[in-house]
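Below is one structure, written out as structure tokens; comments come after it.
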Amino acid sequence: MGGTTLDLAIIQGAMEGISDIFGNSDVGVSRVTKAVMAALQDAQSPSSYAIADIIIKNRHDRALIASAVNDHSKIDAIIDVIDSESKNLAEAVAADIRRQNSVHKIILAGGGAELIHSHIVELFPKLDVIKAPDAQLALVKAMASV
């Protein structure tokens, strides 16, 4: 799960190699980022990809969010936007996963893994859902090894 795309790798058998790949350029963390940027504008606050990304990464730190938001009455709305858009993103990812055959395990990597992990666990209660340690770096390392 990257900023602008979802990439799925299908691994079958003894997990010795990738048997299929699937990408969706309509599914990415930028959905959440753009929604947070709009919420920041609604709060008469500076809005950019960088600021929105900082707020998303630190969504549990009210003090940090308050330092970036001019209208403090909108802080809860901004947090709600992050939560609802993260859930929507997870549902879009889940829809693409469900299109694949015989999924037994889901391994999340990339910058969006942290945002969607808990939702994916809820959406696939019978599957083993794993978030790669240091998920964003894991994606970069995997791409570099190709």
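Of all residues in the stretch 99-146, those satisfying the criterion of being part of a helix (DSSP H, G or I), out of contact with any helix residue (DSSP H, G or I) (no Cβ under 6 Å at 6 or more places or on another chain) and at pLDDT below 80 are 136, 137, 138, 139, 140, 141, 142, 143, 144.
Per the listing 51, 65, 55, 79, the residue uniquely in contact (Cβ under 8 Å) with a residue 24 or more places away in the chain, β-branched (Val, Ile, Thr), surrounded by 13 or more Cβ atoms within 10 Å (Cβ to Cβ) and within 19 Å of residue 115 (Cα to Cα) is 55. Of all the criteria given as (1) more than 14 Å from the chain's Cα centre (by Cα); (2) under 17 Å from residue 110 (Cα atoms); (3) of a type in the set (A, V, I, L, M, F, W, C), the one not satisfied by residue 32 is (1). Filtering 76, 96 for residues that are over 16 Å from residue 7 (Cβ atoms), in a helix (DSSP H, G or I) and not small (Gly, Ala, Ser) leaves a single hit, 76.
Among the residues of the stretch 82-110, the ones that are among the small types (Gly, Ala, Ser) and touching a residue at least 60 places away in the same chain (Cβ under 8 Å) come to 4 in all.
Any residue at all in the stretch 47-55 that's in a loop (DSSP other than H, G, I, E, B) and of a type in the set (Gly, Ala, Ser)?
Within the stretch 47-55, the subset in a loop (DSSP other than H, G, I, E, B) is 47-48.
From the residues that got through so far, the ones that are of a type in the set (Gly, Ala, Ser) too are 47-48.
Yes, the stretch 47-55 contains a residue that is in a loop (DSSP other than H, G, I, E, B) and of a type in the set (Gly, Ala, Ser).
The values are calculated or read from the model by the stated rules, or taken from the named source; none is laboratory data. Computed from a predicted structure; not experimentally measured. All Cβ positions, glycine included, derive from the backbone under ideal geometry; neighbour counts span all protein chains shown.
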